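Visitor: This is the structure I want to talk about, given as structure tokens.
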Amino acid sequence: QDLDAAVERVRNVAEPYGADGVRVLPAFEIISTVASADVEPTGDYSRRVPIEVLRPWVDRAAEEDLYVFLDLQPGRTDFLTQAREYEELLREPHVGLALDPEWRLEPDQFHLEQIGSVAAAEVQEVADWLAALTRELRLPEKLLVLHQFRFSMLPDRDTIVAPPELAVVVHMDGQGPIAAKYDTYDAITAGVEDRWLWGWKNFYDEDSPTPTPDQVLALDPLPVLATYQ
């Protein structure tokens, strides 16, 4: 779909989440570095989307009062290296960041052969860098999303310290039967319900069935982020 259709669609998808009067902020999550089956010129199995391709979406989002967060699938490089490549866009007040450990490989791994993972220390580097950028430019609080559907993806997650400049959301992005997704959400949030903000992902094709907004809003703890793919 083109940009005009995407703006209309995101508003329609977001609308039911505000049925009880809560303010809802529609957003685009844009996969900005894409996991690749083949080695890229950078050598890291991650294909960059050029900033000039992303810029129209970021600018239009500002005009429409939408949020944007840039999703990184870094392959065999690290998250901070890729985040710095998109600093031009992250300097905008309505642009945040998402880290997807599923696609963070070790030097001998390949996408879809292994599920990736990332250490808390690497996430902390990104969080501290993004927080410093936010302070330096006196920007509003930025969103930092951490995707997770297995403990192994973020094995020492709860040692990460969320800087005050960031809203850090652990986003349960698993797919499948609704009962299995509920079990995964319960496991990922168990015992640390109040430590993090939480997110939930809906898949149009892979979930059976796709959860309704009412089902998402009934989750405990309540997600502050709901995404669709």
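The values are calculated or read from the model by the stated rules, or taken from the named source; none is laboratory data. Keep in mind the model is a prediction, meaning the values are calculated, not measured. Ideal geometry is used to build each Cβ from the backbone, glycine not excepted, and the neighbour counts take in all protein chains shown. Quick note on the areas: whole protein, heavy atoms, side chains included, nothing else; ligands and nucleic acids left out. Shrake-Rupley method; radii C 1.70, N 1.55, O 1.52, S 1.80 Å.
Visitor: Filter the stretch 1-10 down to residues that are of a type outside the set (Gly, Ala, Ser), under 29 Å from Trp103 (Cβ atoms) and out of contact with any helix residue (DSSP H, G or I) (no Cβ under 8 Å at 6 or more places or on another chain) and give me whichever is least open to solvent (accessible area, probe 1.4 Å).
Guide: At the first step, the residues of the stretch 1-10 found to be of a type outside the set (Gly, Ala, Ser) are 1-4, 7-10.
Within this subset, residues satisfying the condition of being under 29 Å from Trp103 (Cβ atoms) are 1-3, 7, 9-10.
If we keep only those that are out of contact with any helix residue (DSSP H, G or I) (no Cβ under 8 Å at 6 or more places or on another chain) as well, we get 2, 9-10.
Values: Asp2: 94, Arg9: 108, Val10: 25 Å².
For the stretch 1-10, the residue satisfying everything is Val10.
Visitor: I need the full set of residues from the stretch 196-220 which are within 25 Å of Gly96 (Cα to Cα) and surrounded by 14 or more Cβ atoms within 10 Å (Cβ to Cβ), in order please.
Guide: Trp196, Leu197, Trp198, Gly199, Trp200, Lys201, Asn202, Phe203, Pro213, Val216, Leu217, Leu219
Visitor: All but one of (1) more than 17 Å from Glu87 (Cβ to Cβ); (2) surrounded by 15 or more Cβ atoms within 10 Å (Cβ to Cβ); (3) among the aliphatic types (A, V, I, L, M); (4) at pLDDT 95 or above hold for Ala121; state the number of the condition that does not hold.
Guide: Only one criterion in (1) more than 17 Å from Glu87 (Cβ to Cβ); (2) surrounded by 15 or more Cβ atoms within 10 Å (Cβ to Cβ); (3) among the aliphatic types (A, V, I, L, M); (4) at pLDDT 95 or above is unmet by Ala121, namely (2).
Visitor: Same structure again: If a residue has to be open to solvent by 10 Å² or more (accessible area, probe 1.4 Å), closer than 23 Å to Tyr17 by Cα and in contact with a Phe, Trp or Tyr (Cβ under 8 Å, 6 or more places away or on another chain) to count, how many in the stretch 175-195 make the cut?
Guide: Looking only at that region, the number is 2.
Visitor: Output the number of residues of the stretch 86-111 satisfying the condition of being surrounded by fewer than 18 Cβ atoms within 10 Å (Cβ to Cβ) and closer than 18 Å to Ala132 by Cα. Working first, answer last.
Guide: Going through the stretch 86-111, the residues surrounded by fewer than 18 Cβ atoms within 10 Å (Cβ to Cβ) turn out to be 87-88, 91-93, 106-110.
The next check asks that each one be closer than 18 Å to Ala132 by Cα; those that pass are 87-88, 91-93.
Here the count works out to 5.
Visitor: Here's another thing I want to ask about it. Mind counting the residues in the stretch 16-75 that are outside any loop (DSSP other than H, G, I, E, B), of a type in the set (A, V, I, L, M) and loosely packed, with under 14 Cβ neighbours inside 10 Å?
Guide: Here is the first cut: in the stretch 16-75, the ones outside any loop (DSSP other than H, G, I, E, B) are 16-18, 27-35, 46-48, 51-63, 67-72, 75.
From what is left, the residues that are of a type in the set (A, V, I, L, M) are 27, 30-31, 34-35, 51, 53-54, 58, 61-62, 68, 70, 72.
Remaining after also requiring loosely packed, with under 14 Cβ neighbours inside 10 Å: 53.
Summing the residues that are outside any loop (DSSP other than H, G, I, E, B), of a type in the set (A, V, I, L, M) and loosely packed, with under 14 Cβ neighbours inside 10 Å in the stretch 16-75 gives 1.
Visitor: Take the residues in the stretch 157-174 that are among the acidic types (Asp, Glu) and surrounded by 14 or more Cβ atoms within 10 Å (Cβ to Cβ); name whichever of them is modelled with the highest pLDDT.
Guide: So the residue we want is Glu165.
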